[in-house]
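Heads up, the thing below is written out as structure tokens.
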Amino acid sequence: MKKENFLLSATKTGLVGGAIAIFLCLIGMVEIFNKRDVIQGIVTLGQFVWLATAVGAGYTASQQTSHLLNGKKPAQNLTAGALAGFFSAALTAFLVWLGSQTDLRAIFINASPALYELLTFGKGLAGLPQLLIIGIISGIVGATFTLLPKAVQRPLLHALMMLIFMALFSGIFRVVMINQGNKWETLAKSIFSQTGLTQLGGWIFILGTIAISVFWSNRGEAVKASMARMPSKGKLSLRILVFLIIAVIALGLPQVSGPFIAQVIVIISLYILMGLGLNITLGFAGLLDLGFVAFFAVGAYTVGLLTSYGPFGLQHISFWVAVPIAVLVSMAFGAFLGLPVLGVRGDYLAIATLGFGEIIRLLAGSDFLAGYFGGPQGVIGIQKPCLGVLEPFIKLDTPRICDGIEIGQGAADHFLAGPGGIYYLAIISALLIAFVAWRLRESRLGRAWMAIREDEDVAEALGVNLIQTKLLAYILGAAFAGLGGAIFSVLIGSIFASSMQLLVSINVVALLVVGGMGSIPGVIVGAIALIGLPELLREVSEFRYLIYGTVLIVMMLAKPEGLWPSQATKRELHHETSAQGGD
Amino acid sequence: MRATFSERLVDLAVNIFLWGFRILIVAIIIIGTFFTIREGKYTSEQWIDFIVFGISQGSIYAMIALGYTMVYGILRMINFAHGDIFMTGAFGAYFTATWLTKAGFVDANPFLGLLIPILVAMAVSTLIAVLVERIAYRPLRGAPQLVPLISAIGASFFLEYAFRGFFGPGKYAYPPIKALEGTWEIFGIGILKVQVVVAISAFIMMALLYFVVMYTKIGKAMRAVSENKDTAALMGIDVNRIIVTTFAIGAALAGAAGVLFALVYRQVDFFMGFTPGVKAFTAAVLGGIGNIPGAMVGGLVLGVFESVGPSLFLEGLGITRAYQLKDAIAYTMLVMILLFRPQGILGERLSKQKA
């Protein structure tokens, strides 16, 4: 087979890298990320993103060169890297030049003077040679990286990841640490700046991560081995210790971090609940439901209507009674929407359920049913739950006494009022449901679901009752989502049809895909990564759905089993590598 | 195999439920229509307005639906991003049309002022669709069915939010063409010029497509690939090239539809592709997916139903502001068709067997 000239291939790679760089500039990512420092005074996140395209181009070009020349040849590899880095930067330079000649802003709203200033280091067109040189250097850095031995590559990569992670979350760490008092405050201020890491902090994290990484790669096996040699009693107590530490952290977190982070964790937990629900229908039974938000809506509206003191409240019963009712109503809806689509398969099912989800949203938000669901105004004045479980359950239209405080209109100071209180409710529900989901997966029903996912016809031939099994998947999935909706309604205190968008369903599908379909830890990992990050980071939330889209495509191309796959899925998708140890 | 008693009971319940569902929908239609006509709230001219609007709207759906149908016919996959391909075309046309209008070209030369944005839109959509196919779909050919579908959902979101990043979340006002304002008197009834032009353009383009698919060599190859990929490859057809061509043709039609849509609604935004996309898919299913004339018929039927439905079925039932439920009618039709006649009006039965 004739092989391509490596210089040509490097040029192509460089142009692709450059195109990605231009894309990132024009959607505004470079400029918005520029407001956050990775290391104060040295590099901002925006510059970092741009550099990453050039370094990435150099890295890929060097890899391809090794492939084309059947081995590493430092001179050629570095040349290829430099070439790719140059072309990558050249496209950006072209963008800047074009912007100086014509007004690109008439079309691309992000082609602003601030972007050009950033890309030319404030020097106008005179800064372009500097940009090109930086591109070439980045390309060479990327190429050099491929030439390093694995033992050096890994610690560097870990340090880089740590740096980005710390820079992104510096604001949150800073606030939490400053809240802890004087000593912590000085420490926080020396490590974290207002917008990122200080130089000292940067070095601490880089060197610390490298040290740990090197230590682990040298001694990690020995540590693992000594763990394995530990007597079973010791192992058990170690596990209990780890569990206790996690539990203490989880319980104490809202006290330490303040309401904002608690609220974010509540939202993550709600998505974990929905994720676990969709995990049953999609992950276990393989039925893609794009109208999943409908069950969330049913749960939310049921609790809302049953407990609200607003104009649409039907009853004013306790939250603790309303929740089981909401879950039951959601289950009924699961059956109601599941029944018609029993015979529909594959992508048709996805579209049919999408239709259901949209119909529910349109009905809930229409003026036609506004007398019942509030229409566009929504249901407001939903009561917070309280712990007065022992009080008589139902007291119609009279002010209730909740933990010693009369609740009616304004009193919201009791235990479960704020996000810090709902936090415990959400966490406990998520844990409980995760346990239920785990037991379900191991049950006869769970195995029947997976049989359906693998092959419906074969499953039926083997005696799986399709109707019953599929219906149970819809019903139980709906129950979990309904519980999520119930907690959502008391968290926000009001529900609007407009918050029941298709986007919610897509969020859930995305987090499932990222975590690994059918995997329960995967749901948790996916929810933290996809829901937690954009909620915590304003810069990221701007590009939330763009990132979701990219993530969905990339995951399908590269790792369709997800980040934390269940054993079965992993085996299925990688027949030859099934011998590898896993979770 | 003998079913147990409980299984038969569940079966019976399911059947009763499905029949109840059918009867309910039919009852809504009949009772609603009866009361609406008895009340005589709308004059016959208004009904004709509804129908004309439905036809022009439906012909736009039909153009988008063709892309769904052709791709499904060949790959058995729903190109979820097709609605967003439609949106990209509309954006391409918007910038061209604004530029031409500012230069005074459109007023001087209304025909070219309509044609040039359409051509630009077709080019933009084609380019993007080919890229999407190359990056997000082709590597996944032969993977389990869910994998390309999820990738397509990803592509859809990527396109929407990339365009939001480029052009911002706001709505852009599509420049009106002066020559197309006002009405034409046809058979004594005033009909909006835009709607006539939209319907006629759509029909011309669909006729062109039909000609290409039925009477050219590439069309023959497309039909062969949709029958059986492996056999077609043995006959010397470059399957990959034909698949790309299919995407390109579908996208070109969607891009043109984007311009027509923008002409009717006078606005362009990054999310405009979603709802027409789902409705066009409904149209494709309605006509029988994989069936080209079916997509055209399906589009028209859906357009007219959606335009007449709220006033005809729902207002008779005493539902206020029924137009808010216009989309719900389309979605209900989608669900009904998928449940009760998945082969569509003209199509083969696909959803249960091949899918």
> Would you call A:L7 open to solvent by less than 60 Å² (accessible area, probe 1.4 Å) and modelled with pLDDT under 85?
Replying inline: no
> When both residues are 6+ apart or on different chains and their Cβ atoms are under 6 Å apart, which pairs have a first residue that lies in the range B:116-142 and is more than 16 Å from B:I249 (Cβ to Cβ) and within 12 Å of chain A (Cβ to nearest Cβ), and a second that is open to solvent by 60 Å² or more (accessible area, probe 1.4 Å) and hydrophobic (A, V, I, L, M, F, W, C)?
Replying inline: B:P139/A:L557
> Any idea how many residues of the range A:177-206 are without any contact (Cβ under 8 Å) to a residue 40 or more places away in the chain and either open to solvent by 50 Å² or more (accessible area, probe 1.4 Å) or among the hydrophobic types (A, V, I, L, M, F, W, C) (or both)?
Replying inline: 16
> Within the set of pairs 6+ apart or on separate chains, which have a first residue in the range B:268-282 that is closer than 15 Å to A:E358 by Cβ, a second that is part of a loop (DSSP other than H, G, I, E, B) and modelled with pLDDT under 85, and C-beta atoms under 9 Å apart?
Replying inline: B:F271/B:P169; B:F281/B:I78; B:F281/B:I289
>> Name the residue that is farthest from the other protein chains (Cβ to nearest Cβ), counting only residues in the range B:15-36 that are in contact (Cβ under 8 Å) with a residue 12 or more places away in the chain and open to solvent by 40 Å² or more (accessible area, probe 1.4 Å).
In response: B:F34
>> So for the range A:196-219 (the condition being out of contact with any strand residue (DSSP E or B) (no Cβ under 8 Å at 6 or more places or on another chain) and not in a helix (DSSP H, G or I)), does at least one residue qualify?
In response: no
> Take the residues of the range B:37-66 that are in a helix (DSSP H, G or I) and polar (S, T, N, Q): which is nearest to the other protein chains (Cβ to nearest Cβ)?
Replying inline: B:Q57
> Going through the range A:106-155 one residue at a time, which ones are open to solvent by less than 60 Å² (accessible area, probe 1.4 Å), over 17 Å from A:Y59 (Cα atoms) and part of a loop (DSSP other than H, G, I, E, B)?
Replying inline: A:F108, A:N110, A:A111, A:S112, A:T120, A:G122
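For every residue, the table says whether it meets (1) in the same structural domain as A:A426 (by TED's automatic domain parsing); (2) surrounded by fewer than 24 Cβ atoms within 10 Å (Cβ to Cβ); (3) not aromatic (F, W, Y).
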residue	(1), (2), (3)
A:I467	yes, yes, yes
A:L471	yes, yes, yes
A:Y474	yes, no, no
A:G477	yes, no, yes
A:A481	yes, no, yes
A:I495	yes, no, yes
A:A510	no, no, yes
>> Quick check on the range A:36-57. Is at least one of its residues within 12 Å of A:S9 (Cα to Cα) and touching a Lys or Arg at 6+ places or on another chain (Cβ under 6 Å)?
In response: no
>> Anything in the range A:432-457 that is at pLDDT below 85 and exposed (fewer than 14 other Cβ atoms within 10 Å of the Cβ)? List them, or say none.
In response: A:E442, A:E454, A:D455, A:D457
> Looking at (1) surrounded by 15 or more Cβ atoms within 10 Å (Cβ to Cβ); (2) more than 30 Å from A:E454 (Cβ to Cβ), which is the one condition that is false for B:L115?
Replying inline: (1)
>> If I ask for residues that are over 33 Å from the mean Cα position of the chain (by Cα), part of a helix (DSSP H, G or I) and surrounded by fewer than 24 Cβ atoms within 10 Å (Cβ to Cβ), which ones from the range A:61-81 would you list?
In response: A:S66, A:H67, A:L68, A:P74, A:A75, A:Q76, A:L78, A:T79
> Out of all the residues in the range B:144-159, which are more than 7 Å from chain A (Cβ to nearest Cβ) and farther than 16 Å from A:S505 by Cα?
Replying inline: B:P144, B:P148, B:L159
> Which residues, counting only those in the range B:282-293, are facing another protein chain (nearest Cβ under 10 Å) and over 21 Å from B:E227 (Cα atoms)?
Replying inline: B:T282
>> When you scan the range B:259-274, do you find a residue that is within 16 Å of the chain's Cα centre (by Cα), open to solvent by 10 Å² or more (accessible area, probe 1.4 Å), within 16 Å of B:A81 (Cα to Cα) and within 13 Å of another protein chain (Cβ to nearest Cβ), even just one?
In response: yes
> Would the range B:300-312 turn up any residue that is within 12 Å of another protein chain (Cβ to nearest Cβ) and free of Cβ contacts under 8 Å to residues at least 40 places away in the same chain?
Replying inline: yes
>> Yes or no: the range B:147-161 includes at least one residue that is under 29 Å from A:D347 (Cβ atoms), at pLDDT below 85 and in contact with a Pro (Cβ under 6 Å, 6 or more places away or on another chain).
In response: yes
> Could you list, in sequence order, the residues of the range B:135-161 that are open to solvent by less than 10 Å² (accessible area, probe 1.4 Å) and closer than 30 Å to B:V194 by Cβ?
Replying inline: B:S156, B:E160
>> Being open to solvent by less than 60 Å² (accessible area, probe 1.4 Å), over 30 Å from A:R538 (Cα atoms) and more than 24 Å from the chain's Cα centre (by Cα): is that true of A:L98 here?
In response: yes
> Do you know which of the residues in the range B:201-221 that are free of Cβ contacts under 8 Å to residues at least 40 places away in the same chain and open to solvent by 90 Å² or more (accessible area, probe 1.4 Å) is nearest to B:Y174 (Cα to Cα)?
Replying inline: B:I204
> So is A:F292 more than 11 Å from chain B (Cβ to nearest Cβ), at pLDDT 75 or above and open to solvent by less than 10 Å² (accessible area, probe 1.4 Å) or not?
Replying inline: yes
>> Every residue in the range A:339-382 that is buried (at least 24 other Cβ atoms within 10 Å of the Cβ), small (G, A, S), part of a helix (DSSP H, G or I) and more than 8 Å from every other protein chain (Cβ to nearest Cβ), please.
In response: A:G357, A:A364
> Does the range B:162-177 contain any residue that is touching a Phe, Trp or Tyr at 6+ places or on another chain (Cβ under 9 Å), open to solvent by 20 Å² or more (accessible area, probe 1.4 Å), more than 14 Å from chain A (Cβ to nearest Cβ) and of a type in the set (K, R)?
Replying inline: no
>> Any residue at all in the range B:230-238 that's of a type outside the set (S, T, Y) and within 20 Å of B:I78 (Cα to Cα)?
In response: no
>> Regarding the range A:167-176, can at least one residue be identified that is part of a helix (DSSP H, G or I), open to solvent by 80 Å² or more (accessible area, probe 1.4 Å) and not assigned by TED's automatic domain parsing to the domain that holds A:N34?
In response: yes
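The values are calculated or read from the model by the stated rules, or taken from the named source; none is laboratory data. All values derive from a computational prediction rather than experimental measurement. Cβ sites come from the backbone with ideal geometry, for glycine too, and all protein chains shown count toward neighbours. Heads up: the accessible areas ignore ligands, DNA and RNA and are worked out on the full protein's heavy atoms, side chains in. Shrake-Rupley method; radii C 1.70, N 1.55, O 1.52, S 1.80 Å.
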